[in-house]
Amino acid sequence: MSYYRSLGDVPRKRHSQHRNATGGLFYEELVGEEGFSSDSSLLYHRNIPAAVVDVRPWEAPDTSTTANVPLKARHWRTHELKAGGDAVTGRHLLLGNADVRLAYAASTEPSPLYRNAIGDECAYVESGAGTLETMFGALPVTAGDYVVIPRGTVHRWLPSDAEPLRTFLIESSAHITPPKKFLSAHGQLLEHAPYCERDLHGPVDLLTADGSDVDVYVKHRGGDGAVGGTVMTYANHPFDVVGWDGCLYPYTFSIHDYEPITGRVHQPPPAHQVFEGAGFVVCNFVPRKVDYHPLAIPVPYYHSNVDSDEVLFYAGGDYAARKGSGIGQGSISLHPGGTPHGPQPGAYERSIGVTEVDELAVMVDTFRPLLLGAAGADCEDADYFRSWARPEPR
């Protein structure tokens, strides 16, 4: 994220002495992407950030997957998954491939300190509220927020409401960024982008946690492409940063600040893109005015995306195009590449004359086939693939 921020106490010159009130040195940590060749931030710690005193294996949440065979469209009702636990060890993997993993959590407890050393994470908050505490500071989160967490960021989720903090989790194997088509050559969001830097919210308060022998749960690369887990015990708490600056940090962006692109006829999903990653894109559908050509059909046309699998997380509103399919709040659908899908029977006709829609959904399109996670067996609508052959709902 090439948008500079500074928080707390940093020296005038980077890589120079930065001393505390008694003359002792703070310890500088560079957190950077692509070695030393891309976005980075400099953090200043009260203690040595590399001081590990113990390690032990950690069995990360189940990442096993199976092929979508026989090939079919699928539907999961995430609200049927067991709520409870935390947003790290309690996440339910539904779909994944070598580029991205899609999971769901309905957390009620604080998570352990956690570092994803494989890739960036983007969590969409369906409902509830809380705080994401990070080594960069605290981020308040609430319903409708995307929360983007760079690879290697130590953080923990703290739900604050009586209701579960429900999150749709997009775990990348690389980085998650605003789409390049919305950025200038120097990284500024352009005038035609559906959001701008004012809509991105970084950490607001530094954290001053103390403690010794502090456990951090780390998900990392294993052998032969496997996912490994290790608990690293640090001599001091990683939330001991007195200041930082740079262009790499966690941030939130509210889906309600997304300005949709509309047209005389139906606009395809790339018009609604919000993020991109290696091997996938993220789009969202928000309340908006719809097509205004006198002969327009406002619902999507049937389509076969031969190069991608399409996942939709239905986050709110009234998704009229899917009425009669069983889709509801919290549903996740998978429409695999090369197979046609679209509105339910009768939706074409009902949409004519509609001037606006009230829908909220997050879409992830992947360019490699998605495999099925074990958690899906607990909440799948096994008959969903037949929904287009059902009679029109009355």
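The values are calculated or read from the model by the stated rules, or taken from the named source; none is laboratory data. In this text the structure is predicted, and so the values were computed from the model without any measurement. Ideal geometry is used to build each Cβ from the backbone, glycine not excepted, and the neighbour counts take in all protein chains shown. Keep in mind that these areas ignore ligands, DNA and RNA; they rest on the heavy atoms of the full protein, side chains included. Shrake-Rupley method; radii C 1.70, N 1.55, O 1.52, S 1.80 Å.
A full extension of the chain between K72 and A226 corresponds to an added length of 52.8 nm, given 0.36 nm per residue minus the alpha carbon distance. Placing +1 on each Lys and Arg Cβ and -1 on each Asp and Glu Cβ, with no other charges, gives the chain a dipole about its Cα centre of roughly 540 debye. With the cut-off at under 19 Å, measuring from each backbone N in region 295-312 to a point 7 Å along the Cα-to-Cβ line of I352 picks out 295-302. Only one residue of H18, A174, H155 has its Cα farthest out toward the positive end of the dipole of the chain, where Lys and Arg carry +1 and Asp and Glu -1 on Cβ, and that residue is A174.
Taking all protein chains into account, the per residue accessible area for region 216-333 stands at 38 Å² (1.4 Å probe). Per residue, region 1-136 exposes 48 Å² of accessible surface when a 1.4 Å probe is rolled over the protein heavy atoms with every protein chain present. Put a plus charge on the Cβ of each Lys and Arg, a minus charge on the Cβ of each Asp and Glu, and nothing anywhere else: the dipole of region 60-163 about its Cα centre is then about 380 debye. When E259, E121 are compared by accessible area of protein heavy atoms, the largest-first order is E259, E121, using a 1.4 Å probe.
The 3J(HN,Hα) values that the Karplus relation (6.51, -1.76, 1.60; θ = phi - 60°) gives for region 312-324 are, in residue order, 10, 9, 8, 9, x, x, 10, 8, 4, 5, 10, 4, x Hz. Gly and Pro appear as x.
If a spin label sat at a point 7 angstrom from the Cα of D161 along the line to its beta carbon, the backbone N atoms of region 354-393 nearer than 17 Å would be those of 360-361. Can you tell me the FRET efficiency between H256 and L190 if r is taken as the Cβ-Cβ distance and R0 is 22 Å, rounded to the nearest 0.05? Working from the Cβ atoms, E equals 0.55.
Using a 1.4 Å probe on the protein chains only, how many percent of the accessible area of the chain belongs to carbon and sulfur?
On the way: 9160 of 17540 Å².
It is 52 percent, rounded to a whole number.
For A129 and V204, the difference between the fully extended length at 0.36 nm per residue and the C-alpha to C-alpha distance is 25.4 nm.
Using a simple charge model, +1 on the beta-carbon of Lys and Arg, -1 on the beta-carbon of Asp and Glu, nothing else, what dipole does region 164-319 show about its Cα centre, in debye to the nearest 20? Present the calculation step by step, with values, prior to reporting the outcome.
Working: 9 positive and 19 negative charges, 114 e Å.
The dipole of region 164-319 has a size of about 540 debye.
On full extension, the segment bounded by D54 and R390 gains 115.1 nm, given 0.36 nm per residue less the C-alpha separation.
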